[in-house]
Amino acid sequence: MTSTSAGVGRALRLVVALLVTSAAVVGAVRLLAPATAGPDGEPPGVRRQLTFLRSALDDGAGERAQQLFPEGFFFSHALYGLAWVDLGLRAPAGERAQALAEARWALSRLESPAGRAPFPADLTPEYGVFYQGWTNWLRGGVLSLQPADGRDPVEVARFTEAAVALGAAFDAAFETAGSPFLPAYHGQAWPVDSTVAVASLRLHDHLLPARFDATVARWLAEVRQRLDPATGLLPHRVDPVTGDPAEVARGTSQSVIHRFLPEIDPAFAREQYLRFRQEFVASPLRLGPAVLEYRAGTDGPADVDSGPLPLGVSLSATVVTLGAAQLHGDAALAGALANYGEFAGLPVDTPNTRRYAFGLLPVGDAFLAWSKTARPWVAGTPDPPPATVSWAWRLPLLSILLLIALLPWLAMSLRRASLPE
């Protein structure tokens, strides 16, 4: 080997060593740097993430998400708007113009023919409880960003009209089979969808004169009679007529339920959250916290809701649980999930944008932005539950990163030592 080629080889090995070490250092920083800011501070990088999302939505990301699952278009826009509401509520009243404009834009997309397209118009309530619950929650968020004495009367009327229709649908269901769970599609009902809808009734009574206390109280009483017997949690799917459990509690729906249940009944929510955390939060291979799709010690099939289940983990439920933990005051778990997401989510930054997983799945960015901005809209800030995650969960990953950082330098040292003098 000539001296020139040997020099090139040494330079290439040095470049590789520097790149590997730099990547390991970046990974360590992502595990250690604060990635959440609680219900009052602004989460790092989330505005740049929303900038990326708006550009992606304008470029058809919602339509592409619709090809992946039935609510892809809806969720892509709804979560974008809800994240902006969460950010706006952190700001002084005079600095909410951008948040209000973006939330209104997202709402207009939900109310468009494309937003309603997947949902049956002949259900009660119209288009089903999934569509009405999430849409009216965002309507209430838009009103929350406006001063009480300056709200748009047309938006107030639309929010009230939809809340009254939801309340009437629940009351009618109570009087027939007693079910607290309204259908989202023909012959199909999921408790998580009704939980979002009832939260929107609570939001109505928080913003406007109260009228749904009796409906919400009846709903809670009926729900308590229909919990999953295996876990004591709300089931994933129920009989569409009686509301009796038809499928065990699952991580994907539980993570969303615990984002909204505190807005309805904080005491019941705390009881349910602690059960959920005990049964579903795990640390596979001891490499960081994650949320299982089926409770620990059990197994089940993956589907369009859960996505793939490596080691039983639902990635979507893990992301959404970040927001649920933050809403419950569980800063230790929220921070751990956020740091793990920063490490494993492969964020890519530009001066104006941030995207995760190289921006290949913008609806995933929408779920993450909504989770990182989580804050109460109706309930007050709760007392934090006992922490179950310690700082030490990072140590195995940090040890692996240290080993990765040192390996190329060790290899270079061994190579030099083996060369003849």
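The values are calculated or read from the model by the stated rules, or taken from the named source; none is laboratory data. As the structure is a prediction and not an experimental result, all values here were calculated from the model. Every residue, glycine as well, gets a Cβ built from its backbone with ideal geometry; the counts of neighbours run over all protein chains shown.
Overview of results
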item	result
Number of the exception - LEU87 against (1) more than 14 Å from the chain's Cα centre (by Cα); (2) within 26 Å of VAL304 (Cα to Cα)	(2)
Qualifying residues in region 6-33 (those that are of a type outside the set (A, V, I, L, M) and at pLDDT below 90) - the one surrounded by the most Cβ atoms within 10 Å (Cβ to Cβ)	ARG13
Residue tally, condition assigned to a helix (DSSP H, G or I) and exposed (fewer than 15 other Cβ atoms within 10 Å of the Cβ), over region 172-205	3
Count - residues of region 367-385 that are surrounded by fewer than 18 Cβ atoms within 10 Å (Cβ to Cβ), modelled with pLDDT of 90 or more and either among the hydroxyl-bearing types (Ser, Thr, Tyr) or not assigned by TED's automatic domain parsing to the domain that holds ALA199 (or both)	0
Selection from region 223-246 of residues that are of a type in the set (Asp, Glu) and closer than 15 Å to TYR273 by Cα	ASP228
Unmet requirement for ALA317, which otherwise passes all of (1) out of contact with any Ser or Thr (no Cβ under 8 Å at 6 or more places or on another chain); (2) in a helix (DSSP H, G or I)	(1)
Residue, farthest from ARG224 (Cα to Cα), within region 271-297, restricted to residues that are without any contact (Cβ under 8 Å) to a residue 60 or more places away in the chain and part of a loop (DSSP other than H, G, I, E, B)	GLY297
Filtered residue count, region 277-299, keeping only those that are modelled with pLDDT under 95 and closer than 22 Å to PRO70 by Cβ	0
Flag if GLY243 is touching a Phe, Trp or Tyr at 6+ places or on another chain (Cβ under 6 Å), farther than 25 Å from GLY380 by Cα, at pLDDT below 95 and crowded, with 20+ Cβ neighbours inside 10 Å	no
Residues that are among the acidic types (Asp, Glu) and in contact (Cβ under 8 Å) with a residue 12 or more places away in the chain, drawn from region 138-162	GLU155
Residue ID - surrounded by the most Cβ atoms within 10 Å (Cβ to Cβ), chosen from residues in region 251-305 that are more than 15 Å from the chain's Cα centre (by Cα) and basic (Lys, Arg)	ARG295
Conditions (1) within 16 Å of the chain's Cα centre (by Cα); (2) not in a helix (DSSP H, G or I): number failed by ALA121	(1)
